[in-house]
Amino acid sequence: MDGNGESVARRILREHLVEGELTAGTPIGIRIDQTLTQDATGTLVMLELEAMGLDRVRTEVSAQYVDHNLIQEDHRNPDDHLFLQSACERFGIWYSKPGNGISHPVHQERFGKPGATMAGSDSHTPAAGALGMIAIGSGGLDVALAMAGEPLRIRMPQIWGVELVGELPDWVSAKDVVLELLRRHGVDGGSGRIIEYHGPGLAGLSAMDRHVICNMGAELGATTSVFPADDEVRRFLASQAREEDFTELLAPADVSYDHTERIDLSELVPLVALPTSPGNVVPVTEVAGRPISQAYIGSSANPGYRDFAVAAEVCDALGYAAHPRVSFDVNPTSRQILGNLIGDGHLLSLVRAGARIHQAGCNGCIGMGQAPATDEISLRTVPRNFPSRSGTKEDQVYLCSPETAVASALTGVITDPRDLGAGASRDVNGDKTLPAIDHPKVREPDEPLLDTANLIAPRQAGPGERPELRQGPNVALLPDFEELPDELELPVLLKLGDDVSTDEILRAGAEVLPFRSNIPRIATFAFDVIDDTYHDRAVRLQEDGGHGHAIVGGVNYGQGSSREHAALAPRYLGLRVTLVKEYARIHWQNLANFGVVPLRFTEPDDWDALEQGDVLRITDLRAALADGARVEVANITQGTTITAEHGLSPRQVDRLLAGGVIPYMKAELADR
């Protein structure tokens, strides 16, 4: 890279720019090289491609992973697996079979490529920034558009340069780096920004360490995160027999950033995020000694070989099993990593320590099994601890590093892992003590056993051939939504506060996600974490002849998962307008994509004057959206008027007026 002061992120964006200019806050469109979908969102993406009439994807690589819905207690999940595989055959997409692993580490192993762009229908898609990619989590419909050859359209983020210096101390790891940023800035500190890491501290971070940090940039609200493509990225790709995919991408010495930050790795300590937010971070020492009932290692947030191997070597060195009170859950993140842990004996060490080994997938991270006991502490290396995400309504999920998780699993209480090497004895299992041990020095292997058998390449369709979609009884076609009317009169069915997550709007878990391809059924769970009367009230309103409803919210509305069901299910129940203080980026886009008008208060204090049950009226709506950013909202219950703004581009307005992206794109593709 020449010394023009251009960051890695700006260079990749510039080389893929097809619309707009790289001016922060302005709309841009970028060409997308790769897409990633997973089964909790992918079924909807495939239905959207079918609804739009697409023949074959137009990207360099598109991959569909089955990693969320692995529990096969009835026909629904296996039926959807067959549907996804048939859709991959129809549209020309790689298919990763159930049990092959979590999308993000598998994609990094097989497809990640420095300098490439990727759109993924999973909010942790930015994990691919570990290899020097611009990888952006989006709603499934935006990913479907990218697969159809459309640019990914976002607002140009600011570039936040985070300089890393020093070396991580013993018992401190990559998870503590990103938890430190969350401790400093909270869950919206990265909003409207790309985080670019640089500095001499990178030398001590492996490609999978960087994956950990990029993955949880999503919890900061960042558009994405990126590392340079340096010698470590070359080493990683070579270990995967893909060194030919390496391109060096380094920021020049005179690089400039919109914002700057510095983290001295040598000063970091083990950290933990308390319930119920990834931003609620404190040092482990502040909560040490609290009894736990579960310790959980794995997930896309700690997917690397070393994350499991460190835990295994700790167990092996101490020779003790997990505390009798603790369920020690281990979730291998890819079949390849599982094979390597078996081959080098680390899996045996974990099994002998009492670990419960689960199949390679997301599993408990999104409430698919391994739910904790009520009001019991579960220490997890997962990325999120929003209320009820674990599958237990009254959960107590703490986020931590693998070192903290394994130390606590052995002692039965939250334990600073540095205590393992401090020489101090600690009671364990009632009558034994923990001796001092050295921190295991584990690196990702240079020559791992490779496993590609369960990743199925796209089949080349013959002339005029169109493979049939296999639709089980739980797969329902997407509902048709009408054009946006010019006048709306809507009751406020919910008034919500700040930081409402998509897990609260439409939760994940084994009870809900099997209905991901059945919108009428999954809609019955909408907002049930917050108000279990919402669905019935919305349905009653429709049955009584109502023309929809509105929802009022606070700051960071729709944070967390990119799950577009959180927009689509309420839309199916009649949601026409949301009026909030500020949106999380992906959910804002999802709402507009499905024909919901996403309005913001121009005066945040107006939130205080609205009450649940108030009736709002908007007139001349189509002209207001098309002609400017301001919309007048009359509160006919209280006799007041609120001024709101939409912030939508003309392109977004056109699609919103049509009733959403699908009816708009169906007409566009037909014309082409």
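The values are calculated or read from the model by the stated rules, or taken from the named source; none is laboratory data. Here the structure is a predicted model, which is why all the values come from computation and not from measurement. Ideal geometry is used to build each Cβ from the backbone, glycine not excepted, and the neighbour counts take in all protein chains shown.
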- From the option list Ser86, Ser62, single residue qualifying as assigned to a helix (DSSP H, G or I), assigned by TED's automatic domain parsing to the domain that holds Tyr257 and not β-branched (Val, Ile, Thr) is Ser86
- Scan region 531-547 for residues that are at pLDDT 95 or above and touching a strand residue (DSSP E or B) at 6+ places or on another chain (Cβ under 7 Å) and report the count. 5
- Query: Of all residues in region 373-397 being among the hydroxyl-bearing types (Ser, Thr, Tyr) and buried (at least 24 other Cβ atoms within 10 Å of the Cβ), which is modelled with the lowest pLDDT?
  - Reply: Ser390
- Do we have any residue at all in region 461-473 that's closer than 30 Å to Ala311 by Cα and outside the structural domain of Leu54 (by TED's automatic domain parsing)? no
- Message: Looking at region 104-160 only, could you name the residues that are among the small types (Gly, Ala, Ser), assigned to a helix (DSSP H, G or I) and within 14 Å of the chain's Cα centre (by Cα)?
- Response: Ala127, Ala128, Gly129, Gly140
- If we scan region 94-114, do we find a residue that is farther than 22 Å from Gly304 by Cα and buried (at least 24 other Cβ atoms within 10 Å of the Cβ)? no
- Task: Just name the residue that is farthest from Ala405 (Cα to Cα) out of those in region 174-214 that are in contact with a Pro (Cβ under 7 Å, 6 or more places away or on another chain) and in a loop (DSSP other than H, G, I, E, B).
- Result: Gly192
- Message: Suppose we keep only residues that are more than 18 Å from Val287 (Cα to Cα) and in contact with a strand residue (DSSP E or B) (Cβ under 7 Å, 6 or more places away or on another chain) within region 422-434. Which one would you say is modelled with the lowest pLDDT?
- Response: Ser425
- Answer with yes or no whether Gly339 is at positive phi and more than 20 Å from the chain's Cα centre (by Cα). no
- Filter region 559-581 down to the residues that are among the small types (Gly, Ala, Ser) and crowded, with 24+ Cβ neighbours inside 10 Å, then identify the one that is farthest from Leu47 (Cα to Cα). Gly560
- Note on the structure: Exactly one of Asp55, Asp33, Asp74, Asp67 is at pLDDT below 90 and over 18 Å from Val475 (Cα atoms), and that residue is Asp55
- Task: State whether the residues of region 55-66 include one that is of a type outside the set (Asp, Glu), within 29 Å of Ala371 (Cβ to Cβ), surrounded by fewer than 24 Cβ atoms within 10 Å (Cβ to Cβ) and in contact (Cβ under 8 Å) with a residue 40 or more places away in the chain.
- Result: no
- In region 484-524, how many residues are touching a helix residue (DSSP H, G or I) at 6+ places or on another chain (Cβ under 8 Å), assigned to a loop (DSSP other than H, G, I, E, B) and either without any contact (Cβ under 8 Å) to a residue 24 or more places away in the chain or on the phi < 0 side of the Ramachandran plot (or both)? 11
- Item | Of all residues making up region 163-173, the number that are touching a Ser or Thr at 6+ places or on another chain (Cβ under 8 Å) and either surrounded by 22 or more Cβ atoms within 10 Å (Cβ to Cβ) or more than 19 Å from Val226 (Cα to Cα) (or both) | 6
- Note on the structure: Taking region 624-672 and keeping residues of a type in the set (A, V, I, L, M, F, W, C), over 28 Å from Met156 (Cβ atoms) and exposed (fewer than 15 other Cβ atoms within 10 Å of the Cβ) leaves Ile636, Ala667, Ala670
- Message: Could you go through region 244-253 and let me know if any residue there is part of a helix (DSSP H, G or I), touching a Lys or Arg at 6+ places or on another chain (Cβ under 9 Å) and in contact (Cβ under 8 Å) with a residue 24 or more places away in the chain.
- Response: yes
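Can you tell me which residues in region 541-561 are assigned to a loop (DSSP other than H, G, I, E, B) and in contact with an Asp or Glu (Cβ under 7 Å, 6 or more places away or on another chain)?
Within region 541-561, His547, Gly554, Val555, Asn556, Gly560, Ser561 qualify.
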- Message: Criterion first (under 14 Å from Cys315 (Cα atoms) and not hydroxyl-bearing (Ser, Thr, Tyr)) does Leu399 satisfy it?
- Response: no
- Message: Can you tell me how many residues within region 297-319 are crowded, with 23+ Cβ neighbours inside 10 Å and either free of Cβ contacts under 8 Å to residues at least 60 places away in the same chain or in contact with a Phe, Trp or Tyr (Cβ under 8 Å, 6 or more places away or on another chain) (or both)?
- Response: 3
- Query: Are there any pairs with C-beta distances below 9 angstrom linking a residue in region 345-371 that is surrounded by fewer than 21 Cβ atoms within 10 Å (Cβ to Cβ) to a residue that is hydrophobic (A, V, I, L, M, F, W, C) and in a strand (DSSP E or B), with the two at least 6 apart or on different chains, and if so which?
  - Reply: Val351/Val330; Val351/Ile357; Gly354/Phe328; Arg356/Phe328; Arg356/Val330; Ile357/Val330; His358/Val330
- Message: Condition first: touching a residue at least 60 places away in the same chain (Cβ under 8 Å) and of a type in the set (Ser, Thr, Tyr). Can you find one or more residues in region 138-158 that meet it?
- Response: yes
- Task: Of the conditions (1) more than 30 Å from Ser239 (Cβ to Cβ); (2) touching a strand residue (DSSP E or B) at 6+ places or on another chain (Cβ under 9 Å); (3) charged (D, E, K, R), Asp419 clears all except one; give me its number.
- Result: (2)
- Message: Condition first: over 18 Å from His549 (Cβ atoms) and loosely packed, with under 13 Cβ neighbours inside 10 Å. Now tell me which residues in region 610-623 satisfy that.
- Response: Asp620, Ala623
